[in-house]
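Structure record follows, encoded as structure tokens.
The values are calculated or read from the model by the stated rules, or taken from the named source; none is laboratory data. All values reported here derive from a predicted model rather than from experimental measurement. When we count neighbours, we look across all protein chains shown, and the Cβ atoms used for this are built from the backbone with ideal geometry, even at glycine. Just the protein is used for accessible areas: all its heavy atoms, side chains included, with ligands, DNA and RNA removed. Shrake-Rupley method; radii C 1.70, N 1.55, O 1.52, S 1.80 Å.
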Amino acid sequence: MPTAIAVTSSELVLPSPDRHTPSAAVLQSAVKSPKSYSLDQAITEAHQLVEYHGYVIVLCPASLPEAVRHRLHAVRAVLESDRIALIRSELPPLGLSVLALQLRQLSICDFSPGVLASAARLLSHYIYAGALLGSVAKLDRVPVTLRSHAKSWVPGSQFAVLAAPTPELVKVGGDAVPSGPGFATQLTYAAGQLQAGWVTETLAPAWQAGAVTEARLSGEAARWWATGRLVEFAAAIPDISVLYQLVSSVRREDCHWCGLELIGDRCAFCAAPLLPPPERTPAVPAAAPTRALPRGAT
């Protein structure tokens, strides 16, 4: 069975683009409260996933409540399992959904669990995630200038805010759009209390998106972006063959602690950092041959 990709909410599961891509496992221990879903049930849930799939990669949004995050770590600790990777992501909700979909697509390839889990960090750099916002007055997850804060109080003002891979804010008007990807992507959007026309008619052509698809807006989106007047969007590589080549091109190493393969500088399963290559001790130059003293010399 392919490595399981798990998420902390059903809203983070995008539809499979084909019949080969498996769905994500939604952890009930993250969805339900401890009163309705005991720790024993949470442990059983995780144990069954590990037993069935071998390894489990859990994508955890940075906005996940501390209590839920601690519970996931507690479950992993009780099971004493090094086959569960808890990956914390700073991506906004729709961007995280896209990342989960990419990992689901790659899970059916021949990547080892360690490489697949490490790929989450790599692929995050190729996801352009942002939102069209009616106000940035309360936005604190993306740097916003005082001038932009002041402009957000003007009725009718809208802002295109890019959260990843590099934060950027553009006041909507004219042809101005945030810096987009320089490679082929598919644009996914989810509309809240704003019309999606600017995203589909201005942003998508400017970013040369190959296709535009609509998704359901996550309930977390309004909290993440600090307003319900938004249209969330994410542009990412949709082609599994390109994703495969991207991950395959990165050098693989073996984790010195758990032995799994990894890419990057840290194992996603045991969190052990990659050891630096052993320093090469400079060779000691051979001593110059001693010339024999001529006879009679002192």
Cross-chain or 6+ apart pairs with Cβ under 8 Å, the range 66-81 first and aromatic (F, W, Y), then open to solvent by 70 Å² or more (accessible area, probe 1.4 Å): none
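Keeping to the range 261-274, report how many residues are open to solvent by less than 30 Å² (accessible area, probe 1.4 Å), more than 25 Å from P181 (Cα to Cα), part of a loop (DSSP other than H, G, I, E, B) and in contact (Cβ under 8 Å) with a residue 40 or more places away in the chain. Quick ask: steps written out before the conclusion?
Taking the range 261-274 and keeping what is open to solvent by less than 30 Å² (accessible area, probe 1.4 Å), we get 262-263, 267-269, 272.
Still in the list and also more than 25 Å from P181 (Cα to Cα): 262, 267-269, 272.
Among the residues that remain, those that are also part of a loop (DSSP other than H, G, I, E, B) are: 267-269, 272.
Now restrict to residues that are in contact (Cβ under 8 Å) with a residue 40 or more places away in the chain: 267-269.
Qualifying residue count, the range 261-274: 3.
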Odd one out for Q195, checked against (1) in a helix (DSSP H, G or I); (2) open to solvent by 70 Å² or more (accessible area, probe 1.4 Å): (1)
Test: residue in the range 243-253 that is assigned to a helix (DSSP H, G or I), open to solvent by less than 30 Å² (accessible area, probe 1.4 Å) and at pLDDT 95 or above: yes
Any hit, the range 204-227, residues being surrounded by fewer than 20 Cβ atoms within 10 Å (Cβ to Cβ), in contact (Cβ under 8 Å) with a residue 12 or more places away in the chain, among the β-branched types (V, I, T) and over 28 Å from T8 (Cα atoms): no
Candidates V7, V75, filtered to the one that is over 18 Å from the mean Cα position of the chain (by Cα) and of a type in the set (A, V, I, L, M, F, W, C): V75
Given (1) open to solvent by less than 20 Å² (accessible area, probe 1.4 Å); (2) in contact with a Ser or Thr (Cβ under 8 Å, 6 or more places away or on another chain), index of the condition A160 fails: (2)
